[in-house]
1. Give region B:33-59 a look and list any residue that's open to solvent by 10 Å² or more (accessible area, probe 1.4 Å), outside any loop (DSSP other than H, G, I, E, B) and in contact (Cβ under 8 Å) with a residue 24 or more places away in the chain, or say none.
2. Is there any pair linking a residue in region A:140-151 that is farther than 15 Å from A:Ser74 by Cβ and free of Cβ contacts under 8 Å to residues at least 24 places away in the same chain to one that is among the small types (Gly, Ala, Ser) and outside any loop (DSSP other than H, G, I, E, B), with Cβ under 8 Å and at least six apart or on different chains, and which?
3. When the residues of region B:210-224 are narrowed to those that are part of a helix (DSSP H, G or I) and within 18 Å of B:Gln108 (Cα to Cα), which ends up most open to solvent (accessible area, probe 1.4 Å)?
4. Can you pull out the residues in region A:170-226 that are touching a Lys or Arg at 6+ places or on another chain (Cβ under 9 Å) and surrounded by 23 or more Cβ atoms within 10 Å (Cβ to Cβ)?
5. Taking the conditions exactly as written (within 12 Å of chain A (Cβ to nearest Cβ), in contact with a helix residue (DSSP H, G or I) (Cβ under 7 Å, 6 or more places away or on another chain) and not basic (Lys, Arg)), does B:Val231 satisfy them or not?
6. Take residues that are of a type outside the set (Asp, Glu) and within 14 Å of another protein chain (Cβ to nearest Cβ) and tell me which of the helices (runs of 4 or more DSSP H) falling wholly in region A:75-162 contain 2 or more.
7. Of the residues that make up region A:273-287, is at least one touching a Leu at 6+ places or on another chain (Cβ under 8 Å), more than 11 Å from A:Tyr42 (Cβ to Cβ) and open to solvent by less than 30 Å² (accessible area, probe 1.4 Å)?
8. Looking at region B:196-217, is at least one residue modelled with pLDDT under 90 and out of contact with any Cys (no Cβ under 9 Å at 6 or more places or on another chain)?
Amino acid sequence: MLEISRKKHFLWIGIALTTLIIYPFIFRGSFAQHLMIMVFMYAALSLAWDLIGGHANLFSFGQAAFFGVGAYTSTMLYMRLGLTPWIGMFAGGIMAVVLGLIVGFPTSKLRGHYFAIASLALIFVMETFFTNWSFIGGAQGLSLPVVNENPWFHLQFHKSKIGYYFLMMGVMTLTIVITWLVTRSWIGFYLRAFREAPDVSESLGANNMLYRLIAIAISAFFTGMVGSLYAQYVLYIDPPSVMGIDLSIRVVLIAVFGGSGTLWGPVLGAVILVPFMELSRVWLGGFGQGLDHMLVGLLVVILCLLQPDGIIKLFAHPVERFMLGKTTKKGAVVDGSP
Amino acid sequence: MDLFFEALLNGASLGMAYALVAIGLTIIWGVMEVVNFAHGDYLMVAMYIGFFSFSLFGIHPLFSIPLNILIMAGLGALTYLRIIKRVLKSNVLLSQIVVTFGVSVFLQNFAMFIWSPNFQAIAEVPWVSGSINLGGIYISKALFVLALVSAITCLILVYFINRTTTGKTILATAMDREMAQLVGINTKTVELITFSLGIAALGVAGSGLIMVTYVSPRVGFLYGLIAFTAVALGGFGSLAGTIIAGLMIGITEVFSGLYIGPEYKYVAIFVVYLIILIWRPKKGLLGW
């Protein structure tokens, strides 16, 4: 039974991958490609968030801080030292991990809402510091110099977006694979044990703090990496756009919308919600400010009322759905079985 | 030294307003265990109501308070009946957190759509412009009135919850929902009253705050964050803790703005929050 379903999964993944690889050669319009780049980006970000938020149940709004640190690190390395963003990308991820550990250590005793508010505060503090730090551009932000030659060294593609498309897709795929491996490994079990019964797992000798920090570090690394790529893509970063609360909220909404605690939920959320946001921005932008986000807010409220476990539950196997309904009320789930 | 006391008085006045904003959040949490992340955005709506009743109809903010309370209570009741009540039924923790975020995003952009993203403020509020002299310490009249109104409202709320029958049912539901149901309390009605009450308190705060500061669609985020911090600092569900934390935050804000630099005043608040929570991670100051 398991073998068949696993084969089937690989078949579906293969089909999806092929479609994604062919996509940019069929849809050459820059908006169609931009749309997919944003989908990849938010899918990777929501997946990274879900490792903390869905699996460890630490409701974090701090993702934008990791994203911003990644973006600023690679951009500063590139502008000041001329380092290729390939290295900058990993440096950005590592700086985000450092930040995650610095913040994760003192907050390691906080749970639930206390942690959520601490992470909100983190964003606020980081944005304030970056806005007032003139060495890294302050409130003006940083504009990356436009370079036309040697696109793969500078990671700047000005003729078409295909380069960005595949880079972002690569990072997303990497995030999916690593998340899959982590949630299936012993780390994932410890995280879920912590989520379901923190005190019990602690009393059984699980080192919750260690696994929390591991989850935060992995999540921060990918978020920082995506941040670096984003900086390469838009070529302009300033604190509100890469560290603002809006980014964090969007990431959380997408993950929960899709179905948190699952592997494909956040991806599905990005696939549905990101085009919705981008298209409503384009179509409704002319009617006045805010209308597009109003719709997003409304959509989220409606979804929470009608399908509180996330969209993914609509696609879950009937048997799985039945068993889930029996075993757990929270969003626990089809971990590992994609 | 005068400067010190002036800062203390200003901070405490501001803190009183924060306490009023946070107190609604804390009773909602106490009864429903829902953190209303849209709290700041409801406050923003209340501030707009105060602003427009002055600029369109010439109603002084102090007199728009009753109207504001009514509108906000209605809005709160509507939100509870249409959204919160239903989402509480589903028992999924994440959607309970996210749904108020959806409301927040909606309200913020609704305000941006119909009232434009511009900053708006009442240039000169009649009767309360200028400042008063309290034995060599100066404080702006508007801020003083705001503190007074907030303090009175907080006292009324605390009295209502601790001394009246309705208030006691709220307390009982917050302490033990099942026991409350056993002794015949209709917890759904209590939830409705609590949510309306918490949002209605923002009506007072909105009308009061518009006397001293500006309003824009984005302003809700900051006030909301300060209110969450106050609630968490005081300990979720503790009224006295929330009021103390509100005062602490106001004083911290003014002092750090004065001695460290105005751009870091909110950073200082969150540093205080973190320090206190590292010290008492599961309770805050007075949580139970």
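1. Within region B:33-59, B:Val45, B:Ile49, B:Phe51, B:Phe54, B:Ser55 qualify.
2. Close Cβ pairs satisfying both conditions: A:Pro151/A:Gly163.
3. The initial filter retains those residues of region B:210-224 that are part of a helix (DSSP H, G or I), namely B:210-212, B:219-224.
Okay, now just the ones that are also within 18 Å of B:Gln108 (Cα to Cα), so B:210, B:219-224.
On the way: B:Ile210: 1, B:Val219: 14, B:Gly220: 2, B:Phe221: 58, B:Leu222: 38, B:Tyr223: 25, B:Gly224: 3 Å².
Looking at the filtered set, the residue picked out is B:Phe221.
4. A:Leu191, A:Phe194
5. On the way: within 12 Å of chain A (Cβ to nearest Cβ): yes; in contact with a helix residue (DSSP H, G or I) (Cβ under 7 Å, 6 or more places away or on another chain): yes; not basic (Lys, Arg): yes.
The answer is yes for B:Val231.
6. A:85-104, A:112-132
7. Yes.
8. Filtering region B:196-217 down to residues modelled with pLDDT under 90 leaves none.
For region B:196-217, residues modelled with pLDDT under 90 and out of contact with any Cys (no Cβ under 9 Å at 6 or more places or on another chain): absent.
The values are calculated or read from the model by the stated rules, or taken from the named source; none is laboratory data. All figures in this text were calculated on a predicted structure; none of them were measured in a lab. Glycine gets a Cβ as well: all are built from the backbone with ideal geometry, and neighbour counts include every protein chain shown. Accessible surface areas use protein heavy atoms only, side chains included; no ligands, DNA or RNA. Shrake-Rupley method; radii C 1.70, N 1.55, O 1.52, S 1.80 Å.
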